[in-house]
Amino acid sequence: MERTFIIAEAGVNHNGDMSLAKELIDIAAEAKADAVKFQTFTTEEIISVYAPQAEYQKANTGKEESQFDMVKRLELPREHFKELADYAKTKNILFMSTAFDLANLEYLVKECDIPYIKIPSGEITNAPYLYGVARFRLPLILSTGMANLHEIEQALAILSYGWSGRDEPSSLQECLDYYETEEGKNILNGHITILQCTTEYPTPYEDVNLNAMRTIADAFGHPVGLSDHSLGIHIPVAAVAMGAQVIEKHFTKDCSLPGPDHKASLEPEELIHLVKHIRDVEAAMGSGVKEAQASEIKNIAIARRSLTAARDIQKGETYSKDNLACKRPGSGISAMKYWDYVGEECSQNIDIDQEIES
């Protein structure tokens, strides 16, 4: 099994504090996640002053305010992400950040050397953003919260068109027409992973829909994974057993901190356990070839049975159901040969419980 790429999603759980942001990098590195990811945005560019909070944001923050005001408090200046990227290098963990606009993405690509572009669920219907993202031609991770297969297909069509290097399209249909070509269908192969996601914090278990990963994989033929917002660590571990190649999970220093995402995030010890359990599951998946494993070969003779004498048997006597038994250890003639011996002549005296030798 390929190694699962584990993204420890710090998001905005730094609460606008650089020292806390660096602590989150420390936590992700200690947990041995593959990458730590933040969110880079300019509030004025992405949120109207009239945008309301989501219900989960109201519940998690306990404040009645605009989405703009809430998010503005969580914004870090663009240049701070270079400092965080450099700090992550000292901790030997990959630095990632989701950019919610193209100007910030360009900064992350050029100044922070991000290895992947993560497209958040909310931007899956943002056509010019998707086109611009693809033109950077970096590996893509696409979250699909709130989306259906038709919307995912439209997003893939735009991403494929942008990746091709073509000039900006005049319509969505132009992207869809390109996506129907053989080149359009295949151009993103090896360059994108699609994440099942449910945009609710925390996500009720009945809404996680792990089986949608398989539906997405079957529909589009790309690797899949899970961006998980449910409580605990068992859901992403199950996703790995189902074939997830990328796992993204929010974490925080302390779930009691103020902010919209802390309550749906893992605390440091939980993140450590998540990574360990995923690595254990990877090891347990094995090759798929059904054969005796190295650790169990030594137990074959102990657990299986051999043909033995059910009572003392005299030379020349005929083996029968009355004088043959199948007992441990399995170091002699296999009990699978039982019927081959019934009716044959015994060639020597055999004491009770001795293995049949010929």
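At a glance:
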read-out	value
Approximate spin-label separation T90-R135, in nm, with each point projected 7 Å along Cα-to-Cβ	3.7 nm
Likely footprinting exposure, D228, D322, D101, fewest C-beta neighbours within 10 Å first	D322, D101, D228
Burial ordering of H229, H273, fewest other beta-carbon atoms within 10 Å first	H273, H229
Cα centroid separation, the range 130-151 to the range 65-121 (Å)	17 Å
Normalised contact order of the chain, rounded percent, pairs of Cα under 8 Å and 6 or more residues apart	15 percent
Eligible lysines near K82 by straight Cα distance, threshold 20 Å, same-chain separation 8 or greater	K22, K37, K72, K91, K110, K118
D322 versus S347: modelled label distance in nm, points set 7 Å from Cα along the beta carbon direction	2.5 nm
M146 versus M242: modelled label distance in nm, points set 7 Å from Cα along the beta carbon direction	2.2 nm
The range 38-165 shape via C-alpha gyration tensor axes, a/c threshold 1.5	oblate
Partner aspartates and glutamates for K249 [C-alpha distance under 14 Å; skip if fewer than 8 residues away on the same chain]	E9, D34, E200, D228, D261, E267, E269, E270
Value at 222 nm in deg cm²/dmol, rounded to 500, when DSSP H runs of n ≥ 4 in the chain each add -39,500 (n - 2.57)	-10500 deg cm²/dmol
Estimated dipole of the chain in Debye, rounded to 20 [Cβ of Lys and Arg +1, of Asp and Glu -1, Cα centre]	820 debye
Order of H250, H277 - criterion: other Cβ atoms within 10 Å of each residue's Cβ, fewest first	H277, H250
Structure-derived Kirkwood radius over Cα pairs in Å: which label, when the choices are [x] 20.7; [y] 23.8; [z] 22.7	[y]
Partner lysines for K321 [C-alpha distance under 28 Å; skip if fewer than 8 residues away on the same chain]	K337
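Every number in this text was worked out from the coordinates using simple rules, so none of it is lab data. Just so we're clear, the structure is a prediction, and the values are computed from it rather than from any experiment. Backbone-built Cβ (ideal geometry, glycine too); neighbour counts: all protein chains shown.
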